[in-house]
Structures are given as structure tokens and as C-alpha cells.
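Below: the structure, in C-alpha cells.
The values are calculated or read from the model by the stated rules, or taken from the named source; none is laboratory data. Computed from a predicted structure; not experimentally measured. Cβ coordinates were reconstructed from backbone atoms using ideal geometry, including for glycine residues, and neighbour counts include every protein chain displayed.
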Amino acid sequence: MTDFIQTERHDGVLIIRINRPERKNALTHAMYTGLADALGDAETDASIRCSLITGSDECFTAGNDLSDFAAGLPGEFETTPVGRFLFALANATKPVVAAVNGPAVGIGTTLLLHCDLVFAGTNTRFQMPFANLGLCPEGASSLLLPLWLGRARASELLMLGTPFDADKADRLGLLNRICEPGQTESEAIAACQQLAAQPPAAIRATKALLTRPNRDAVRETMLAEGELFGERLKSAEATEAFTAFQEKRKPDFSQFD
């Protein structure tokens, strides 16, 4: 497991920490493998009853490391590191909680759609800038956001890619609690400990029932999004967006039709 993904076990809770502060916790293929492996360990370890995904008081994740993804995805989506992580998260039978502070960009927002409880600091800044980068949604967000928020609000978040704060995320129903940044993780851990103290089979059954209505659609959507995402990574629009990001300028999409 990469050093940028760290795990700790405390009283039935597996804490999965994204720890690459010098790059704002930007996720590489190796880090996705670490995240997928950690969730897999939680599933097979009978002593673990709940997982917590977190970063630091200053940053959750700035999304994908563009330099790592510019070459595309290595293989069929479901077997790629990011695909393995997303399916491990969506298929988790035990509760998954998130503690989010600072930037929560791209998958830093969409992964929360598969968490059972989400705690966010007042300093959190959510954004899904897929279209801005010449890409498309992932993590079944093109399915779940319209279902939860309505088509108009989902289109705003996914097509314009405008950042939004914790207050707006709370109004949209994406959070359980807004916290002071220094308290976000501790409050999330307290909730994890409450979950870990509950009857485990009853909790798993409840989670299975909550996810059952959309389970097949989530899988189908993730596969469709993943295939298109891989294609978009190789597109001229994405190349222009990535180049502009590296050159610290605004991308120019006027040449495309």
C-alpha cells in the first residue's frame, strides 16, 4: 500500500487517511489501489465494523493527479485502480463514513455519494469540474445527483462545475453535519464508534436495503461513465484543459465543435 494512503484500526473502526499534503492529496493510480485495498480489508476483517475515509483538517482531496491521468486509464475500467476503488466503495456491505475538510474536488465530492454518513468542515469547498476539464462525470454521479437533487441542480453542478461550500452542500442534503475543521474528524469518529456498537448484521441488512433500489443502475452507470471517462482523457478537449492547467492559464475551447 502506498505511503500516501494510511490506515489505523481503533475499536472496530478502520480509519483510511489520504495523506499527500504537498499535492493537496491529489490521487494517483497507486493511491486508488491503496484505497481499494483498504476497503477490501475492511470487508474481510471481522473485527472491523465501520470505515472512515478522511484527509486532514486542511484538505480532503484535490481530485485526480492530472499528470498521472493524462495518459488515460490502464485497461478496462472495472479493473483499473480508480474502478476498483469506486466499486469497492459502492459495494461495501459495512458502513462507510467520510470526514471532509478543505478542497473536495471531483471524486472528492462524488465518492461521498456512496458514503453512509458525511461530516464536513466549515472550510470545505466542493466541486465537480469534470466538464471544465473536458471530461465527464464519474462515480455514478450522473445517476445519483439527478435522483437526489433534481435534473436542474445536478446539471448546474456537473455542467458548470461551480464550487460550493458546506452550507450549500447541507441544503442540498449531501451532508449529515457541518463542523469546525478541527472537530470534523473527531465527530465522524464518534459516529463510527456508534455504528460499530450497533448489531452488525442489522446494520449490514439496513445498508443493503438502502442501496438495493439503485444497485444495478449504479453499476451500469459506473461502467458507462468509466468507459467514456477513459475516452475523454485522450480527447483534444482534455489535452487543452490539462495543458492550460499546467501553464496556469484559462483553457480555450473555442476551436472545438
Contact list, first residue from the stretch 102-118 and closer than 24 Å to GLN193 by Cα and at pLDDT 95 or above, second anywhere and part of a helix (DSSP H, G or I) and of a type in the set (Lys, Arg), beta-carbon distance below 9 Å, six or more apart or interchain, is ASP116/LYS207
ILE189 vs (1) aliphatic (A, V, I, L, M); (2) within 18 Å of the chain's Cα centre (by Cα); (3) surrounded by 17 or more Cβ atoms within 10 Å (Cβ to Cβ): all pass except (2)
Exactly one of THR44, THR93 is touching a helix residue (DSSP H, G or I) at 6+ places or on another chain (Cβ under 9 Å) and β-branched (Val, Ile, Thr), and that one is THR93
Picked from the stretch 143-166 (must be small (Gly, Ala, Ser) and under 20 Å from GLU237 (Cα atoms)), the residue farthest from the chain's Cα centre (by Cα) is SER155
Restricted to the stretch 1-47 and to residues being closer than 21 Å to PRO74 by Cα and among the β-branched types (Val, Ile, Thr), the residue surrounded by the fewest Cβ atoms within 10 Å (Cβ to Cβ) is THR2
Going by the conditions given, is ALA38 in contact (Cβ under 8 Å) with a residue 12 or more places away in the chain and part of a helix (DSSP H, G or I)?
yes
Is there a residue in the stretch 154-162 that is among the acidic types (Asp, Glu) and under 22 Å from PHE119 (Cβ atoms)? no
Check: Quick check, is SER51 in a strand (DSSP E or B), of a type outside the set (A, V, I, L, M, F, W, C) and at pLDDT 95 or above?
Finding: yes
Sole miss for ALA46 among (1) free of Cβ contacts under 8 Å to residues at least 24 places away in the same chain; (2) among the hydrophobic types (A, V, I, L, M, F, W, C); (3) in a helix (DSSP H, G or I) is condition (3)
LEU73 fails exactly one of (1) touching a Gly at 6+ places or on another chain (Cβ under 9 Å); (2) within 26 Å of ARG125 (Cβ to Cβ), namely (2)
Can ILE53 be described as buried (at least 22 other Cβ atoms within 10 Å of the Cβ), aliphatic (A, V, I, L, M) and free of Cβ contacts under 8 Å to residues at least 60 places away in the same chain?
no
Scanning the stretch 1-30 residue by residue, the ones that are out of contact with any Asp or Glu (no Cβ under 7 Å at 6 or more places or on another chain), within 19 Å of LEU66 (Cβ to Cβ) and among the basic types (Lys, Arg) total 2
- Could you say whether any residue in the stretch 191-207 is in contact (Cβ under 8 Å) with a residue 24 or more places away in the chain, closer than 30 Å to ARG49 by Cβ and in contact with a helix residue (DSSP H, G or I) (Cβ under 7 Å, 6 or more places away or on another chain)? yes
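Residues LEU158, LEU147, LEU143, LEU113: which one is surrounded by fewer than 24 Cβ atoms within 10 Å (Cβ to Cβ), in contact with a Pro (Cβ under 7 Å, 6 or more places away or on another chain), among the aliphatic types (A, V, I, L, M) and not in a loop (DSSP other than H, G, I, E, B)?
Unique residue meeting the criteria: LEU158.
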Taking the stretch 56-66 and keeping residues of a type in the set (Ser, Thr, Tyr) and surrounded by 22 or more Cβ atoms within 10 Å (Cβ to Cβ) leaves THR61
Checked against (1) of a type in the set (A, V, I, L, M, F, W, C); (2) surrounded by 14 or more Cβ atoms within 10 Å (Cβ to Cβ); (3) under 19 Å from the mean Cα position of the chain (by Cα), ALA217 satisfies every condition except (2)
Checked ALA120, ALA88, ALA98, ALA104 against criteria (under 23 Å from ARG204 (Cα atoms) and surrounded by 22 or more Cβ atoms within 10 Å (Cβ to Cβ)); the one match is ALA98
